[in-house]
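Notes for the one structure printed next.
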Amino acid sequence: VYRAASSTFYAPSELCGPGGMHREMIRATPRWWGAYSRYDTVLVNLDPDRIGMDGMLAARVRAFFSYNHEGDVQKCALVEWFMPDGDAPDAVTGMWVVRPELYDDGERVVDIIPISSIVRACHLTPVYGTTRLPADFHFADSLDAFRRYYVNWYVDYHAHETLC
C-alpha cells in the first residue's frame, strides 16, 4: 500500500514546467502531517475516444497499491466514484457538477482501477445550499458533507483544457 503517487503530463499552455511538462502528487493518507486525513480527487479516463468529461469521471482515491500477478506488477488505486449530476455543465458557473455514487443502502460505490487510467488530480468544490456550516466544521470532512460538487476547471490551465 502506498500513500501517494505522482502524475506527470504534458500541459502546453502551462509553461511553468520544462517544455510544458507538469508533475503533481496525488495523496491518499489517513494522517496528513500527523493530523487529518487527505484523500485527493482525480479525473479517471474511461473512454479515450471521448473529449472532456464525456470520457472521464471524478473519483476520490482511498489507497494506492500494487500486486504481482504471474510476474507482472499491477499498480492500482481504490477509488470512490463521483457521477455527473446532469448531462451538461452548470449553466451559471460553466463547471460540471458531480455527486457521490451511492449504493441503495447509502454506502459509497468503490472500485479498483489501474493507476494508468488516472489523468490528473482534480479540485471538487462543494455546491453550497442555504444551510450554514457549523462553526466547528473541518475542511477534511468536505468530501463527505455535501451532496454535490463542482469540478473546478478554473484551478489551472491544464484543468480547463482537459475539461472543456
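The values are calculated or read from the model by the stated rules, or taken from the named source; none is laboratory data. No experiment lies behind these values; they were computed from the predicted model shown. Using ideal geometry, Cβ is built from the backbone for each residue, glycine included, and neighbour counts are taken over all protein chains shown. Ligands, DNA and RNA are excluded from the accessible area calculation, which covers all protein heavy atoms including side chains. Shrake-Rupley method; radii C 1.70, N 1.55, O 1.52, S 1.80 Å.
Mind checking the dipole of the range 28-106: about its Cα centre, +1 per Lys or Arg Cβ, -1 per Asp or Glu Cβ, Debye to the nearest 20?
On the way: 7 positive and 13 negative charges, 113 e Å.
Roughly 540 debye for the range 28-106.
What is the packing order of peptides 36-48, 83-95, taking the mean over residues of other C-beta atoms within 10 Å and listing the highest first?
Details: 36-48: 17.2, 83-95: 12.8.
Packing order, densest peptide first, comes out as 36-48, 83-95.
Report the one residue of Leu102, His22, Ala91 whose Cα lies farthest in the direction of the positive end of the charge dipole of the chain (charges on C-beta: Lys and Arg +1, Asp and Glu -1; origin at the Cα centre).
His22
Sum up the charges of everything whose Cβ sits under 15 Å from the Cβ of Arg38, counting Lys and Arg as +1 and Asp and Glu as -1, but leave Arg38 out. Kindly include the intermediate steps, with their values, before the conclusion.
Working: positive: Arg3, Arg27, Arg31, Arg60, Arg62; negative: Glu24, Asp40, Glu80, Asp141, Asp144.
Within the 15 Å Cβ shell, the charges total 0.
When averaged across all projection directions, what area in nm² does the alpha-carbon convex hull of the range 84-164 cover? Write out the running numbers ahead of the final one.
Numbers: hull surface 29.2 nm².
One quarter of the hull surface, i.e. the mean projection, equals 7.3 nm².
Using 0.36 nm times the number of residues separating Asp72 and Trp32, minus their current alpha carbon distance, what extension gain do you get? Please list the in-between numbers first.
On the way: separation 40, 0.36 × 40 = 14.40 nm, distance 3.10 nm.
Taking 0.36 nm per residue and subtracting the Cα distance, the gain is 11.3 nm.
Residues of the range 82-164: accessible area per residue at 1.4 Å, in Å²? Display every interim value, and only then the final one.
Values: 5320 Å² over 83 residues.
With all protein chains present, the range 82-164 gives 64 Å² per residue.
Using the crude model of +1 on Lys and Arg Cβ and -1 on Asp and Glu Cβ, and no other charge, please compute the dipole size for the range 1-158 relative to its Cα centre, in debye to 20.
Values: 15 positive and 21 negative charges, 125 e Å.
Charge dipole, the range 1-158, about its Cα centre: 600 debye, nearest 20.
Restricting to DSSP loop positions (anything but H, G, I, E, B) with no more than 11 other Cβ atoms inside 10 Å of their own Cβ, which GluC sites (Glu not before Pro) remain in the range 64-139? Don't skip to the answer; put the middle values down first.
Values: sites: Glu70, Glu80, Glu101, Glu107; in loops: Glu70, Glu101, Glu107.
Taking the range 64-139 and a limit of 11 other Cβ atoms within 10 Å, the loop GluC sites (Glu not before Pro) found are Glu70, Glu107.
For every helix of n ≥ 4 consecutive DSSP H residues, a contribution of -39,500 (n - 2.57) applies; sum these over the chain, divide by its total residues, and give [θ] at 222 nm rounded to the nearest 500 deg cm²/dmol. Mind showing how you got there, number by number?
Details: 2 runs with 11 residues, N = 164.
Counting only the DSSP helices, I get -1500 deg cm²/dmol.
Using the beta-carbon distance between Leu133 and Ala91 and R0 = 25 Å, what value does 1/(1 + (r/R0)^6) give for FRET efficiency, to the nearest 0.05?
Values: r = 25 Å, r/R0 = 1.01.
Efficiency, rounded to the nearest 0.05: 0.50.
When all alpha-carbon pairs of the range 43-118 are counted, what percent fall beyond 22 Å?
Working: 984 of 2850 pairs.
Here the tail beyond 22 Å accounts for 35 percent of pairs.
Considering every pair of different Cα atoms, what Kirkwood radius, in Å, is found for the chain?
Numbers: mean 1/r = 0.0589 Å⁻¹.
Here the Kirkwood hydrodynamic radius works out to 17.0 Å.
How far, in nm, would the chain grow between Asp104 and Met25 when pulled straight, counting 0.36 nm per residue and subtracting the alpha carbon separation?
Values: separation 79, 0.36 × 79 = 28.44 nm, distance 3.33 nm.
Taking Asp104 through Met25 to full extension adds about 25.1 nm, to one decimal.
What distance in nm lies between label points placed 7 Å from Cα along the C-beta direction at Val119 and Leu46?
With each label point 7 Å from Cα toward Cβ, the separation is 1.2 nm.
Could you tell me what percent of the accessible area of the chain is made up of carbon and sulfur, with a 1.4 Å probe and every protein chain present?
Working: 5320 of 10090 Å².
In the chain, the share of accessible area belonging to carbon and sulfur is 53 percent.
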